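Contents: one structure, followed by commentary.
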Amino acid sequence: MHRTPGLDTLRAIAIVWVMLFHSYLVGGLGDGFGKLEASGWMGVDLFFVLSGYLIGTQVLSALKTTGTLDARDFYLRRAVRILPAFLVVLALYACVPAWRETSGMQPLWQFPTFTFNLLFDNPDNYAFSHVWSLCVEEHFYLVFPWLAWLLTRRPSLRAGTIVGVALVLGGILLRAWLWSDRMGPALDTDSRPGLVYLHNLYYPTWSRLDGLVAGVALAACAVHRPAWMAWLHRRAGRVLVLSFVLLCVCLGLFDEARMQFWPCVVGFPLLALTMAGFVVAFSGPTFLARLRLPGARWLAAVSYSLYLSHKGMAHLTQGLLGDSLAEHPLLRFVIFAAATLLGGALLHDMVERPCLRWRDRYRLRAPPRGHAVG
């Protein structure tokens, strides 16, 4: 499959950033790296934009070329891509208590049904909590192809724009109401407002569509308005600078105030716009798109396995280290990073890659154009 080095770089940055965020499980990098670690959750939003762009390109290209949606092919490819590694890690969480970052877990059925992000209700059941973003992705896979098929039966720029704007504005209004009705009062009266934040504003799919919508919008430009995408690519340098400026704004907006009104209501669409700018800058016929950083392609290839396994490996590392090396946080972090990369590599090589090879060997059709999505 065709791969764009620039998008591999972004995927590598996203997974490393997320792993930095969760390095608190082993004490983090130490003094001086607090902002870098604390902002690592933004890597998930970069993943959302990438997913919207890549899956959007695949689906919209097929619809443009054939006029039909091969649902069997799409969902079978997604199932082989997602489920084997996920089920292995879920089995570890269910059967190996030492793997869990907390002793408690939500009911097991919430994980294979991908409803964890809608039903999480107990901060003591935090094990495998990062699966919330996979739940959002799965809901996107379930709905988007059919919505795209419906909208392209009679292709209309106006209809697509209305749907995209409605999703973004609807999310803003919904989060404003949820904050006023639940989050605001919880900040004043609840001793654990973080649960209210996660349950109502951070985890639910309907609150986190901005990145996926931004990615799909870029895909729609690439497929149906290539001149527009070419115009953006010709200005990739300026787009990159603007994205860095917007990232600084986002860092300031969310700094120590993630649960306040404005970050909750407008922060997510602003962050989605920021990440969409990076995707523009690192895709297409640009210098950044051809940039090959050492290790980026490998990290991109194993990013899904790293995503699934990194918190479990972090907890195992913390259990083995205990309080040793407490005065050497950088060394502890290096051990955590090595263990995490090893765990992700094993999962990828033993489970994920063989399943993908089986998928391709039995000629499950590849996307008709665009970048690799599986």
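Throughout, read-outs are computed from the coordinates displayed, never taken from laboratory work. Model, not experiment: these values are computed from the prediction. Cβ sites come from the backbone with ideal geometry, for glycine too, and all protein chains shown count toward neighbours.
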* Structure fact -> Note on the stretch 308-338: residues free of Cβ contacts under 8 Å to residues at least 40 places away in the same chain and buried (at least 20 other Cβ atoms within 10 Å of the Cβ) are Met313
* **Filter pass, Leu118 being more than 21 Å from the chain's Cα centre (by Cα) and of a type outside the set (Gly, Ala, Ser)** => no
* To do: Could you tell me whether any residue of the stretch 18-27 is more than 29 Å from Arg258 (Cα to Cα) and surrounded by fewer than 22 Cβ atoms within 10 Å (Cβ to Cβ)?
  => no
* Looking only at the stretch 209-258, and only at residues there that are β-branched (Val, Ile, Thr) and under 14 Å from Leu270 (Cα atoms), the one that is surrounded by the most Cβ atoms within 10 Å (Cβ to Cβ) -> Val213
* To do: Looking at (1) within 27 Å of Gly277 (Cα to Cα); (2) of a type in the set (A, V, I, L, M, F, W, C); (3) out of contact with any helix residue (DSSP H, G or I) (no Cβ under 6 Å at 6 or more places or on another chain), find the lone condition where Ala214 falls short.
  => (3)
* Asked: Is there any pair linking a residue in the stretch 233-247 that is free of Cβ contacts under 8 Å to residues at least 40 places away in the same chain to one that is part of a helix (DSSP H, G or I) and among the aromatic types (Phe, Trp, Tyr), with Cβ under 8 Å and at least six apart or on different chains, and which?
  -> Ser243/Phe278
* Structure fact -> Within the stretch 62-86, residues being surrounded by 13 or more Cβ atoms within 10 Å (Cβ to Cβ) and in a helix (DSSP H, G or I) number 17
* Which of (1) surrounded by 14 or more Cβ atoms within 10 Å (Cβ to Cβ); (2) of a type in the set (Ser, Thr, Tyr); (3) more than 24 Å from Leu134 (Cα to Cα) does Ser305 not meet, given it meets every other one? -> (3)
* Can you name the condition, by its number, that Glu137 falls short on among (1) more than 18 Å from the chain's Cα centre (by Cα); (2) closer than 30 Å to Thr65 by Cβ? -> (1)
* Asked: Restricting attention to the stretch 248-259, which residues are touching a residue at least 24 places away in the same chain (Cβ under 8 Å) and not in a helix (DSSP H, G or I)?
  -> Asp255, Arg258, Met259
* Asked: Would you call Ile15 surrounded by 21 or more Cβ atoms within 10 Å (Cβ to Cβ) and farther than 22 Å from Ser129 by Cα?
  -> no
